[in-house]
1. Determine the pairs where a residue that is touching a residue at least 12 places away in the same chain (Cβ under 8 Å), located within the stretch 21-32, has a partner that is among the β-branched types (V, I, T) and surrounded by 12 or more Cβ atoms within 10 Å (Cβ to Cβ) with Cβ atoms under 6 Å apart, the partner being 6 or more residues away or on another chain.
2. Working only within the stretch 45-74, note down all residues that are within 10 Å of the chain's Cα centre (by Cα) and closer than 11 Å to A4 by Cβ.
3. Any idea which residue in the stretch 1-52 is modelled with the lowest pLDDT, counting only those that are surrounded by fewer than 18 Cβ atoms within 10 Å (Cβ to Cβ), in a helix (DSSP H, G or I) and basic (K, R)?
4. What's the number of the condition A60 fails, among (1) modelled with pLDDT under 90; (2) surrounded by fewer than 17 Cβ atoms within 10 Å (Cβ to Cβ)?
Amino acid sequence: MKIAVSDDSRVDRGALRTLLKTCGQDFEIREYDSGAALCGDMGFIRECGIVFLDINMDGADGLETCGISRRSAVMSWF
């Protein structure tokens, strides 16, 4: 399964990656340091089973990033 993690904290992204690896599944995980970076990789995002968004980031936070993704009809289930 493909998973995207968008968080401006490298520590938090790493902690989530570590937690996901302990599940014993073969996840393909991509990390993004901003909502803008995540939006710039919509080809991958369309294929994700899970997208984690930090709701408290500078610039486009997780809620705004979610709205952008929904408006572009990338993922109507965000």
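1. F27/I3; I29/I3; E31/V5
2. I45, C48, I50, V51, F52, L53, T65 - these are the residues of the stretch 45-74 that are within 10 Å of the chain's Cα centre (by Cα) and closer than 11 Å to A4 by Cβ.
3. K21
4. With respect to (1) modelled with pLDDT under 90; (2) surrounded by fewer than 17 Cβ atoms within 10 Å (Cβ to Cβ), A60 is out only on (2).
The values are calculated or read from the model by the stated rules, or taken from the named source; none is laboratory data. None of the values given here were measured: they were computed from a predicted structure. For neighbour counting, all protein chains shown are included, and Cβ atoms are generated from backbone atoms with ideal geometry for every residue, glycine included.
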